[in-house]
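A.B. asks: Sharing a structure, written as structure tokens. Questions coming.
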Amino acid sequence: MTIIIIGGSGMLLDFSKWAAKEYQEQIYLCSRNKEKYQDILKMSHVDFFQFDYRNKQNYTNLLDFIRNEKITKIIAWIHSPYYELFNDFIDQQNILNSQIYLIKGTSSRNYTFQREINIIKLGKHSSENRWLTNREISEIVINKLREK
């Protein structure tokens with residue numbers, strides 16, 4: 001059983017740290033930034049996969065890499081111009097039974113995915129006139145995963 005986190009080294013870094021502690025499944029941190037994961041990568045069930053969500057070949061490489069894995073969850077922060085690449089990725093056979101969570105920022109465009117996914121829409125703080133902090137964003141994602 002495997003969890004894939006795409007784009008978890010920035011605003012979702014606290015979430016990535018939480019997931020590594022919460023889940024004992026194999027976790028692949030897919031990102032351009034390996035340096036930000038140094039503490040998490042010390043855990044035996046966590047590995048890094050060099051990945052840029054803007055590059056179609058990276059999705060193919062990731063599919064080849066995980067072809068024998070049973071993917072249970074994919075959590076991704078991907079900018080909306082690249083939703084089509086992500087849509088093709090999550091429509092692959094070995095991913096069809098996994099739970100998909102897509103974190104969307106306020107400027108994300110609408111896109112109709114071929115399958116049902118869990119959308120986590122972010123924006124401004126509900127009672128204060130400010131943007132959410134990275135910690136608050138991670139807390140929202142953690143709470144959504146706990147709900148499922």
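A.B. asks: Out of the residues in the stretch 129-148 meeting the condition of being assigned to a loop (DSSP other than H, G, I, E, B) and basic (Lys, Arg), tell me which one is nearest to Ala19 (Cα to Cα).
C.D. replies: Once the filter is applied, the top-ranked residue is Lys148.
A.B. asks: Go through (1) over 20 Å from Thr2 (Cα atoms); (2) out of contact with any Phe, Trp or Tyr (no Cβ under 7 Å at 6 or more places or on another chain); (3) at pLDDT below 90 and name the single condition Lys148 misses.
C.D. replies: The single condition Lys148 does not satisfy is (1).
A.B. asks: Oh, and also: With the structure loaded, tell me whether Ser126 is surrounded by 14 or more Cβ atoms within 10 Å (Cβ to Cβ), at pLDDT below 90 and part of a loop (DSSP other than H, G, I, E, B) or whether it fails that test.
C.D. replies: no
A.B. asks: Counting residues that are in contact with a Cys (Cβ under 7 Å, 6 or more places away or on another chain) and either closer than 19 Å to Lys144 by Cβ or open to solvent by 40 Å² or more (accessible area, probe 1.4 Å) (or both), which strands (runs of 3 or more DSSP E) fully inside the stretch 1-114 reach at least 2?
C.D. replies: Correct list: 2-6.
A.B. asks: I need every pair where a residue in the stretch 56-84 that is over 13 Å from Ile6 (Cβ atoms) has its Cβ under 6 Å from the Cβ of a residue that is open to solvent by 60 Å² or more (accessible area, probe 1.4 Å), sequence separation at least 6 or different chains.
C.D. replies: Close Cβ pairs (under 6 Å, with a partner that is open to solvent by 60 Å² or more (accessible area, probe 1.4 Å)) amount to Lys70/Met1; Thr72/Met1; Ser80/Arg109.
A.B. asks: Another question about this same structure. Tally time: how many residues in the stretch 1-24 are of a type in the set (D, E, K, R) and more than 15 Å from the chain's Cα centre (by Cα)?
C.D. replies: Qualifying residue count for the region: 2.
The values are calculated or read from the model by the stated rules, or taken from the named source; none is laboratory data. Being a predicted model, the structure only gives us computed values, none of them experimental. Using ideal geometry, Cβ is built from the backbone for each residue, glycine included, and neighbour counts are taken over all protein chains shown. Heavy atoms of the whole protein, side chains included, go into the accessibility calculation; ligands, DNA and RNA do not. Shrake-Rupley method; radii C 1.70, N 1.55, O 1.52, S 1.80 Å.
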